[in-house]
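Data block below; observations after.
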Amino acid sequence: MQNTNQNQENTNRNQENRTLSDEAYMVPPGQECMTPSLEESMRYLSERLKPDTNFDIVYRVINVGGKQACIYFIDGFCKDELMMKILQYFIGLKPEDMPESAYEMAKRATPYVEVDLKDKWSDIFYNILSGVFALFIDGYDRCVLIDSRTYPARGVSEPEKDKTLRGSKDGFVETVVFNTALIRRRIRSTELRMEMMNAGKSSRTDIVLCYMDNRVDHQFLNKIKKRISEIKVDALTMNQESLAECIYERKWFNPFPKFKFTERPDTASAQILEGDIIILVDNSPSAMIVPTSIFDIVEEADDYYFPPITGTYLRLSRFLIGILTYLITPTFLLLMQHQEWIPESFRFILLKEESNIPLIAQFLLLELAIDGLKLAAINTPNMLSTPLSVMAALVLGEFSVKSGWFNAEVMLYMAFVAIANYTQSSYELGYALKFMRILNLILTALFGVYGYVAAILVLVLSIVCNRTLSGQSYIYPILPFNLKQLAKRFLRLRLPESRQ
């Protein structure tokens, strides 16, 4: 009885997916499969693809071995020289050499490697709109699909965000096939799997799951596949972020990231060998790594491109600076409220001038101003970035202190926080610490030492009570405790061993 219910559930799911697919390509009921009549096929294709309106959808009627045929493709997606040679071959076929079926046509009469056969209109439309060359021949009940596409793509170069002092200088691009090739180049194993899926009724965005079959957690892998297959959105407009929000549908009040993003193929390959899953989304130049703990997020490639002692120093420095970026401004605010706690040797940290604006207001204004400067830097043309940076440093730095809006000590500590945030590459983790720091500033200003301690408890609970996407502890190997793994997280003693 249970098997019967499960089979019925699978049937309903397949029917639902088929309905969504047909709806996406406007296939009416009763016309899911093509017919051997070329005239009917051309009429149906013209109704759906509108080649007379869409200038980039090209079709041409030709003669192949004495039979009428029609080709459809997207202009700009096909390799011109290759398609010219294939068309010359098709047009030169003699009637006695013409196969009797589409299967024989694809098997022995098509001079190309990547050839497929489809008879469902939804599959045919998906392939044509993805850039595949489609050949329809009168009398054949299936379409011959020749994958000769080439996508517009930029060159493989070092990513702007995930730079390293040593190591490879290549990075992911917006074409998913190039990204999988960069991983294949580093992992030459028969256990490496590149599984293609798609999501979005209109966009049908390609999604690739990369993993080692003998190392991945298959239960978690099946959970990811199920969540992707159940995504019911019109399009993944924001690529990986849209996919991440669809995969993780719980409340997002905890700011600490569930995913790690990287633009480096070497980092992605290392995580695959560790047993993690890499999710590549077409049109996105970065890889999404799951599951991810807090220690995975703070790791960087430079830790392993230097000797162990240097890598350990870089890693511990990153941890320490991350803690300081959270504590330095709330601690200074607390000490200014209780100046009697400051030892005599540290009395120099006291404000030298009287504050015209409360310290909490100064810190909050500067937190907002720093984000404003980031946004301005992103949108500033390169030719103007240098002079505007100098002007911003003079006006916002020196003159803001002289005008009495801000104290020099506040400017110093906020400058340290702004620069120190770039010691780690995860924007999500940086903003998580920023939100927690702002909460600490507000609670400290309102409740003094009790607010300061309460904010730290909120930070600790937000990290400790968080879970990875697979349901594991966010702070493993601290909880549950594993001394050997904990030492590897803090100390770069040797190259990490892959999980067996």
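The values are calculated or read from the model by the stated rules, or taken from the named source; none is laboratory data. What you see is a predicted model, and the numbers here were worked out from it, not measured in a lab. Reconstructed Cβ throughout: ideal geometry from the backbone, glycine too, with neighbour counts over all protein chains shown. For accessibility, only protein heavy atoms count, side chains too; no ligands or nucleic acids. Shrake-Rupley method; radii C 1.70, N 1.55, O 1.52, S 1.80 Å.
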Worksheet item: Of the residues E9, E47, E16, which is acidic (D, E) and either at pLDDT 85 or above or assigned to a loop (DSSP other than H, G, I, E, B) (or both)?
Response: E47
Worksheet item: Exactly one of (1) open to solvent by 10 Å² or more (accessible area, probe 1.4 Å); (2) part of a loop (DSSP other than H, G, I, E, B); (3) not charged (D, E, K, R) is unmet by N127. Its number?
Response: (2)
Worksheet item: What's the number of the condition M197 fails, among (1) over 30 Å from Y103 (Cα atoms); (2) without any contact (Cβ under 8 Å) to a residue 60 or more places away in the chain; (3) surrounded by 13 or more Cβ atoms within 10 Å (Cβ to Cβ)?
Response: (1)
Discussion item. Checking the structure you have, find out if any residue of the stretch 248-257 is crowded, with 22+ Cβ neighbours inside 10 Å and either assigned to a helix (DSSP H, G or I) or among the polar types (S, T, N, Q) (or both).
Written reply: no
Response to the item:
Expected output for the stretch 445-466 (first residue closer than 25 Å to I294 by Cα, partner open to solvent by 50 Å² or more (accessible area, probe 1.4 Å) and modelled with pLDDT of 95 or more, Cβ below 7 Å, 6+ apart or cross-chain) is A455/L439; V458/L439
Practice prompt. Quick one: count up the residues across the stretch 53-93 that are under 21 Å from V177 (Cα atoms) and either hydroxyl-bearing (S, T, Y) or in a helix (DSSP H, G or I) (or both).
Written response: 4
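Regarding the stretch 170-192, can at least one residue be identified that is closer than 26 Å to R467 by Cα and either open to solvent by 70 Å² or more (accessible area, probe 1.4 Å) or part of a loop (DSSP other than H, G, I, E, B) (or both)?
No, the stretch 170-192 has no match at all.
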Worksheet item: Exactly one of (1) at pLDDT 90 or above; (2) open to solvent by less than 40 Å² (accessible area, probe 1.4 Å); (3) at negative phi is unmet by F261. Its number?
Response: (2)
Item to complete: Considering every residue within the stretch 344-353, establish whether at least one is within 18 Å of A408 (Cβ to Cβ), acidic (D, E) and touching a Gly at 6+ places or on another chain (Cβ under 9 Å).
Response: yes
Worksheet item: Which of the residues belonging to the stretch 195-245 are under 13 Å from the mean Cα position of the chain (by Cα), farther than 17 Å from G471 by Cβ and assigned to a helix (DSSP H, G or I)?
Response: Q240, E241, S242, L243, E245
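Kindly indicate which of M414, M391 is within 36 Å of the chain's Cα centre (by Cα) and modelled with pLDDT under 90.
M391
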Fill in: Failed criterion for T150 (all others in (1) over 30 Å from T35 (Cβ atoms); (2) open to solvent by less than 10 Å² (accessible area, probe 1.4 Å); (3) at pLDDT below 90; (4) not acidic (D, E) hold)
(2)
Item to complete: Please find, within the stretch 113-122, the residue that is farthest from L45 (Cα to Cα) out of those that are out of contact with any helix residue (DSSP H, G or I) (no Cβ under 7 Å at 6 or more places or on another chain) and in contact (Cβ under 8 Å) with a residue 12 or more places away in the chain.
Response: E114
Worksheet item: Which members of the stretch 280-298 meet the condition of being more than 22 Å from V453 (Cβ to Cβ) and either free of Cβ contacts under 8 Å to residues at least 24 places away in the same chain or among the aliphatic types (A, V, I, L, M) (or both)?
Response: L280, V281, A287, M288, I289, V290, I297, V298
Worksheet item: Looking at the stretch 310-331, is at least one residue in contact (Cβ under 8 Å) with a residue 24 or more places away in the chain, of a type outside the set (D, E) and not in a helix (DSSP H, G or I)?
Response: no
Fill in: The listed residue being over 20 Å from K258 (Cα atoms) and either open to solvent by 30 Å² or more (accessible area, probe 1.4 Å) or among the small types (G, A, S) (or both), out of G451, G471
G451
Practice prompt. Please enumerate the residues belonging to the stretch 62-97 that are more than 20 Å from R149 (Cα to Cα) and open to solvent by 20 Å² or more (accessible area, probe 1.4 Å).
Written response: N63, G66, K67, Q68, I91, G92, L93, K94, P95, E96, D97
